[in-house]
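The values are calculated or read from the model by the stated rules, or taken from the named source; none is laboratory data. All values derive from a computational prediction rather than experimental measurement. Here the Cβ positions follow ideal geometry from the backbone for every residue, glycine too, while neighbour counts run over all protein chains shown.
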């Protein structure tokens, strides 16, 4: 089963069934002057849910972070320690990108434009995830759940 939406609004929020979701494909671009864009795999559609299994935060110029990828999770209402992955920053303002998130039993693997970027160890069961939320400075072309 595949679910695909074209040109969705931001913030983009969509329920998903993690019993069959194994890949999330996101196409879009960050506008000129972007500060950051963020992808959350979480429990429920709220802005601040109790459980967030995976946060992928692409920071162009946010706080002290410039051109950095930061990952995190939220357990029982408490944000955990941000992980600043030592990886290249594959995004440029006004340039199309393709993000693929592969949901495994024990990790989230992220590819950008076909290249392996990072792997984030799951700290919550994938079964707690029932929603994807994408927000901040991004224009989405499509989101496909499969």
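Residues that are out of contact with any strand residue (DSSP E or B) (no Cβ under 7 Å at 6 or more places or on another chain) and within 24 Å of residue 97 (Cα to Cα) were ranked within region 30-63; the one that is surrounded by the most Cβ atoms within 10 Å (Cβ to Cβ) is 61.
Against the test of being in a strand (DSSP E or B) and either exposed (fewer than 13 other Cβ atoms within 10 Å of the Cβ) or in contact (Cβ under 8 Å) with a residue 40 or more places away in the chain (or both), the options 100, 68, 74 yield a single qualifying residue, 100. Restricting attention to region 45-54, the residues that are part of a loop (DSSP other than H, G, I, E, B) and more than 12 Å from residue 127 (Cα to Cα) add up to 6.
Results for (1) within 19 Å of residue 10 (Cα to Cα); (2) over 13 Å from the mean Cα position of the chain (by Cα), shown as yes or no for each residue.
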site: 35; (1), (2): yes, yes
site: 74; (1), (2): no, yes
site: 84; (1), (2): no, yes
site: 100; (1), (2): yes, no
site: 111; (1), (2): no, no
site: 114; (1), (2): no, yes
site: 134; (1), (2): yes, no
site: 141; (1), (2): yes, yes
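Scanning region 117-146 for residues that are at pLDDT 90 or above and in a loop (DSSP other than H, G, I, E, B) returns 122, 123, 130, 137, 138, 146.
Within the span defined as region 85-94, every residue fails to be part of a strand (DSSP E or B) and farther than 12 Å from residue 24 by Cβ. Counting the residues of region 103-122 that are within 18 Å of residue 69 (Cβ to Cβ) and surrounded by fewer than 14 Cβ atoms within 10 Å (Cβ to Cβ) gives 5. In region 134-146, the residues that are on the phi > 0 side of the Ramachandran plot and surrounded by 17 or more Cβ atoms within 10 Å (Cβ to Cβ) form Cβ pairs under 6 Å with partners that are part of a strand (DSSP E or B) and at pLDDT 95 or above, at six or more places apart or across chains, as follows: 136/36; 136/37; 136/38. Restricting region 88-97 to residues that are farther than 12 Å from residue 34 by Cβ and loosely packed, with under 14 Cβ neighbours inside 10 Å, the residue that is modelled with the lowest pLDDT is 88.
So residue 3 clears everything in (1) at pLDDT 95 or above; (2) surrounded by 14 or more Cβ atoms within 10 Å (Cβ to Cβ) except one condition, right? Which one? That leaves (1) as the condition not met.
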